[in-house]
Amino acid sequence: MSDQIPLKPIGPLGSLLYFGIPAAIFATAILGLLPAMVRNGSPPFLVFVVTFVGPLVLMLVAAVAAYRLEGRPWSWAPFRDRLRLRSMTKTDWAWTLGLVLGTYALQFAIGPIAGWVEGVRFYDASKEFGDFMGGMRQADFGFDLKGRWDVWLFFVFGSLLFNIGGEELWWRGIILPRQELVFGRWAWLVNGLLWNLFHFFYHTNLGSVVAYLPMTLPLAYVAQRTRSTWPGIIAHFIGNIGLPIGILYRVLGLPLPGG
């Protein structure tokens, strides 16, 4: 029976590998491939799909492959149980609400500290990367989005399936339960810190690392506390909803708020 297949523990070295390999792939795509594509005149939408969506698809595939490599059957019930996708309880929903509200409160509280240390720089992002991210914040992908509901649906479901699904199924569904066998009640701390550092392709300075702590640590804690991947999926989606909302404004032909 699949529920009798023991989990293999992931210790310090394994944790570094399971987080480090995806981090290297993302850094190569976003810090290396993205600027090259921009310089070569690739459309922004294509750049986004290749350098952001592409690695996220690989992460989702890796999560499913890791599940199968454990010798578990290709059916929903064991998949649900192994990746902690059972139906949420009232307690799980309460933790999720606390996670969302607490994250915003902690971000506000830690903002000054992040500002104090942002002068500690790790590297300088390329101009192409900065320009591209500026365009994303304006939901500008190089073509008129008015009436393009297909593009909006792509970003909504693509974000939910690949970005949120890929990351949460990998970090909290596959890895966290195996880390718990080694790190015990502190597994969330290891998981959250490494997930923070995974975003090295965004962390041009120490302030960015500090600013991510209110997102990565509480989410990992709640995932371990509830033994459910759903709170992280929900909170992660809410945290990434800005781009789909911006695209919705463009689709409706409305100016962006504050634009």
- request: Could you tell me whether residue 209 is surrounded by 20 or more Cβ atoms within 10 Å (Cβ to Cβ), aliphatic (A, V, I, L, M), more than 19 Å from residue 64 (Cβ to Cβ) and without any contact (Cβ under 8 Å) to a residue 40 or more places away in the chain?
  value: yes
query: Residues in the stretch 170-183: is at least one surrounded by fewer than 16 Cβ atoms within 10 Å (Cβ to Cβ) and either out of contact with any helix residue (DSSP H, G or I) (no Cβ under 7 Å at 6 or more places or on another chain) or part of a helix (DSSP H, G or I) (or both)?
result: yes
- request: Specify the residue that is nearest to the chain's Cα centre (by Cα); the eligible residues are those in the stretch 28-63 that are of a type in the set (Phe, Trp, Tyr) and crowded, with 16+ Cβ neighbours inside 10 Å.
  value: 52
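Among the residues of the stretch 68-91, write down those that are of a type in the set (Phe, Trp, Tyr) and out of contact with any helix residue (DSSP H, G or I) (no Cβ under 9 Å at 6 or more places or on another chain).
Going residue by residue through the stretch 68-91, those that are of a type in the set (Phe, Trp, Tyr) are 74, 76, 79.
Once the filter is applied, which keeps residues that are of a type in the set (Phe, Trp, Tyr) and out of contact with any helix residue (DSSP H, G or I) (no Cβ under 9 Å at 6 or more places or on another chain), the stretch 68-91 yields only 76.
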message: For the condition at pLDDT below 95, touching a Leu at 6+ places or on another chain (Cβ under 9 Å) and either assigned to a helix (DSSP H, G or I) or among the hydroxyl-bearing types (Ser, Thr, Tyr) (or both), what is the one hit in 161, 153, 99, 106?
response: 161
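Return the residue satisfying two criteria in turn: it lies in the stretch 230-245 and is small (Gly, Ala, Ser) and at pLDDT below 90, and of such residues it is surrounded by the fewest Cβ atoms within 10 Å (Cβ to Cβ).
Ranking the candidates gives 242 first.
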task: Determine whether residue 118 is within 23 Å of residue 61 (Cα to Cα) and touching a residue at least 40 places away in the same chain (Cβ under 8 Å).
output: no
task: For the stretch 73-82, indicate whether the set of residues that are assigned to a loop (DSSP other than H, G, I, E, B), among the small types (Gly, Ala, Ser) and farther than 26 Å from residue 169 by Cβ is non-empty.
output: no
- prompt: Is the stretch 13-27 home to any residue that is loosely packed, with under 13 Cβ neighbours inside 10 Å, over 17 Å from the mean Cα position of the chain (by Cα) and within 24 Å of residue 158 (Cβ to Cβ)?
  reply: no
query: What do you reckon, is residue 155 under 24 Å from residue 235 (Cα atoms), within 20 Å of the chain's Cα centre (by Cα) and not polar (S, T, N, Q)?
result: yes
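Quick one: in the stretch 191-230, of everything that is among the small types (Gly, Ala, Ser) and out of contact with any Pro (no Cβ under 9 Å at 6 or more places or on another chain), which residue is farthest from residue 85 (Cα to Cα)?
Here the answer is 207.
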task: Could you tell me which residue of the stretch 114-140 is surrounded by the fewest Cβ atoms within 10 Å (Cβ to Cβ), considering only residues that are at pLDDT below 90 and either under 30 Å from residue 230 (Cβ atoms) or of a type in the set (Ser, Thr, Tyr) (or both)?
output: 137
task: Would you check if residue 143 is outside any helix (DSSP H, G or I) and either of a type outside the set (Ser, Thr, Tyr) or surrounded by fewer than 16 Cβ atoms within 10 Å (Cβ to Cβ) (or both)?
output: yes
field: In the stretch 164-199, residue modelled with the lowest pLDDT [restricted to those that are under 12 Å from residue 223 (Cα atoms) and among the acidic types (Asp, Glu)]
entry: 168
query: Only one of 97, 83 is surrounded by 14 or more Cβ atoms within 10 Å (Cβ to Cβ) and under 20 Å from the mean Cα position of the chain (by Cα); which?
result: 83
task: Within the stretch 22-41, identify whether any single residue is in a helix (DSSP H, G or I), closer than 23 Å to residue 183 by Cα and at pLDDT 95 or above, and answer yes or no.
output: yes
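The values are calculated or read from the model by the stated rules, or taken from the named source; none is laboratory data. Since the model is a prediction, treat every value here as computed from it, not as a measurement. Positions of Cβ are generated from backbone atoms using ideal geometry, with glycine treated the same way; all protein chains shown enter the neighbour counts.
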